[in-house]
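**Student:** Right, I'll just put the structure down here and ask away after.
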Amino acid sequence: MKIGKYIYHRVARNMPCPLCERKKYCLVSEDGEYVICTSVQSQKYWETYNGWLHKLNKKIDKKKIVKTKTYKPNQEYIEKLFYGKYIYDKTAQNLLATELGLPEEALNIFGVKTADCHYGIPMRNEKYQIIGIMKRDLGGNKWCEKHSRLGLFLPSIFDIKNEVFVCEGVTDAMALKSKGYNTIARPSATACDDMVVKLTARNKYAYIMADNDTIGIKGAISLAQQLWIKSKIIIVPKYKDTRAWINSGTFKNKDINKYMK
């Protein structure tokens, strides 16, 4: 992948990110001098690549860099692929719903389908066009279909006028949707802010659900500062994320309602 004048490659199992040590998502320049990290922040954030640019004090050995093939985003191809390749399989849907601790209907509302022993969840832009497909398996591993672009996870029915809850991750949005709330999700705490801004422009109010960690809170603050409508940040108490909170059995609708105007 060429970014500016440098070629970048995805990190891998045998070449983790030198900053956050993750084995996926981050990018390393071919000369081993620069890193675009999806976890460790810097003053230079590139939304297109969902990460922060860093110049390393010590270059990575070029021999350790795994060269990967990249694919340009192709909206028309992705949309045709999703409707042509992915199907609804009730047995598979039940397995994932059980794994996530969610009702099957919550998965259906966000368009979850199956193909080739994995699940596909459509990512959309603010016009509801499918621009990417997030793939995942029952083990929780996630990756994207070739030619995808990061986008929002949107329900089949979205209320564009009343309050909206913006979640960090699609399973959080599914969990909160199952409790009766109007939800959408970003693929991470720092991605697709521009799409959220445009999509929610006519909503009455936005509640941003933030995971109780540094990235989640900073990402929520950044989004709140960009929104055209009034908003409030709700930090998930105690638990890893919104889904874990709801699945814990301690969640009550009044816990959310007390934040609402």
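**Student:** In terms of modelled amide H atoms, which long-range or inter-chain residues lie less than 5 Å from the amide H of residue 185?
**Tutor:** Result for residue 185 returns 153, 167.
**Student:** Name the long-range amide H neighbours of residue 33: under 5 Å, sequence gap of 5 or more, or other chain; modelled H, no Pro or chain starts.
**Tutor:** For residue 33, whose amide H was placed from the backbone, the distant partners under 5 Å are 60.
**Student:** Moving on to the next point. What does the charge count around residue 134 come to, taking other residues whose C-beta lies under 15 Å from its C-beta (Lys +1, Arg +1, Asp -1, Glu -1)?
**Tutor:** Details: positive: 24, 85, 113, 124, 135, 136, 142, 146, 149, 186; negative: 79, 116, 137, 145, 168, 172.
Summing Lys and Arg as +1 and Asp and Glu as -1 gives +4.
**Student:** Above 22 Å lies some portion of the pair distances; for the stretch 1-142, what is it as a whole percent of all C-alpha pairs? The partial results should precede the final answer.
**Tutor:** Numbers: 5127 of 10011 pairs.
Percentage above 22 Å: 51.
**Student:** Still on this model: What nm distance separates the two modelled labels at residue 229 and residue 6, each placed 7 Å from Cα along Cα→Cβ?
**Tutor:** 3.9
**Student:** Right, here's the next one. Fewest to most neighbouring Cβ within 10 Å: what's the order for 78, 87, 234? Let's see the in-between values first.
**Tutor:** Values: 78 24, 87 11, 234 18.
Least crowded to most crowded, the residues run 87, 234, 78.
**Student:** Across bins of 10 angstrom width beginning at 0, how are the C-alpha pair distances of the stretch 117-187 distributed, in whole percent?
**Tutor:** In order of increasing distance, the bins hold 20, 51, 25, 3 percent.
**Student:** Quick check on the stretch 190-261: take the gyration tensor over C-alpha atoms, sort the square-rooted eigenvalues as a ≥ b ≥ c, and tell me if it's rounded (a/c under 1.5), prolate or oblate.
**Tutor:** Working: a/c = 2.36, a/b = 1.47, b/c = 1.60.
It comes out oblate by the Cα gyration axes.
**Student:** Sum up the charges of everything whose Cβ sits under 13 Å from the Cβ of residue 245, counting Lys and Arg as +1 and Asp and Glu as -1, but leave residue 245 out. Mind showing how you got there, number by number?
**Tutor:** Details: positive: 179, 238, 240, 243, 252; negative: 168, 172, 211, 241, 255.
Net of charged neighbours comes to 0.
**Student:** In the P(r) worked out for the stretch 2-64, what percent of Cα pairs fall beyond 16 Å?
**Tutor:** Roughly 35 percent, once rounded to a whole number.
**Student:** Starting at the first residue of the stretch 77-88, write each ³J(HN,Hα) from the Karplus equation 6.51 cos²θ - 1.76 cosθ + 1.60 with θ = phi - 60°, in whole Hz, x for Gly and Pro.
**Tutor:** 4, 5, 5, 5, 5, 4, 6, x, 9, 8, 10, 8
**Student:** Calculated from the structure, Rg/Rh (Cα atoms, Kirkwood Rh) equals which of (i) 0.97; (ii) 0.94; (iii) 1.30?
**Tutor:** Recomputing Rg/Rh (Cα atoms, Kirkwood Rh) here picks out (i).
**Student:** Using amide H atoms built 1.01 Å from N in the peptide plane, name the residues 5+ places from residue 232, or on other chains, whose amide H lies under 5 Å from its own.
**Tutor:** Those lying under 5 Å, H to H, from residue 232 are 206, 207, 208.
**Student:** Turning to a different aspect of this structure: Please sort 79-85, 31-37 by packing, taking for each peptide the average over its residues of neighbouring beta carbons within 10 angstrom, highest first. Before the final figure, lay out each step's value.
**Tutor:** Values: 79-85: 14.9, 31-37: 19.4.
The most tightly packed comes first, giving 31-37, 79-85.
**Student:** Of all DSSP beta bridges in the chain, what percent run antiparallel (nearest 5)?
**Tutor:** Percentage antiparallel, nearest 5: 70.
**Student:** With the chain treated as a Gaussian network of Cα nodes joined by springs under 10 Å, which of 215, 229, 246 yields the largest mean-square fluctuation?
**Tutor:** In this elastic network of the chain, the residue with the biggest mean-square fluctuation among 215, 229, 246 is 229.
**Student:** Do you know the relative contact order of the stretch 75-257, to the nearest whole percent, from alpha carbon pairs under 8 angstrom that are 6+ apart?
**Tutor:** Relative contact order here is 16 percent.
**Student:** Is there a quick way to get the dipole size of the stretch 2-64? I mean about its Cα centre, with the Cβ of Lys and Arg at +1 and of Asp and Glu at -1; what is the value in debye to the nearest 20?
**Tutor:** With only Lys, Arg, Asp and Glu charged at Cβ, the dipole is about 200 debye.
**Student:** Further, regarding this structure: About its Cα centre, how strong a charge dipole does the chain have in debye, to the nearest 20, once Lys and Arg get +1 and Asp and Glu get -1 at the Cβ?
**Tutor:** Using only the charged Cβ atoms, the result is roughly 560 debye.
**Student:** Once the Cα atoms of helix 214-226 and of the chain are each reduced to a long axis, what angle between those two axes, in degrees from 0 to 90 to the nearest 10, is obtained?
**Tutor:** 70
**Student:** Continuing with the same structure: I want the local charge near residue 226. Using Cβ-Cβ distances under 10 Å, sum +1 for each Lys or Arg and -1 for each Asp or Glu among the other residues.
**Tutor:** Result for the neighbourhood of residue 226: -2.
**Student:** On to the next question. Once the dipole of the chain is set up with Lys and Arg at +1 and Asp and Glu at -1 on Cβ about the Cα centre, which of 46, 250, 176 lies farthest towards its positive end?
**Tutor:** Projecting each Cα onto the dipole axis, the largest value belongs to 46.
**Student:** Moving on. Only helical DSSP H runs with n ≥ 4 go in: add -39500 (n - 2.57) per run for the chain, normalise by residue count and round the 222 nm mean residue ellipticity to 500 deg cm²/dmol.
**Tutor:** The per-residue figure over the chain is -7000 deg cm²/dmol.
**Student:** Then there's this: Which log10 I(q)/I(0) values, to two decimals, does the stretch 153-234 give at q = 0.21, 0.22 Å⁻¹ under the Debye formula with one point per Cα?
**Tutor:** One equal scatterer on each Cα of the stretch 153-234 leads to -0.88, -0.98.
Here, each number is a calculation from the coordinates, and none is a lab measurement. Note that this is a predicted model, so its numbers are computed, not measured. Because the Cβ atoms are built from the backbone with ideal geometry, glycine has one as well, and the counts that use them run over all protein chains shown.
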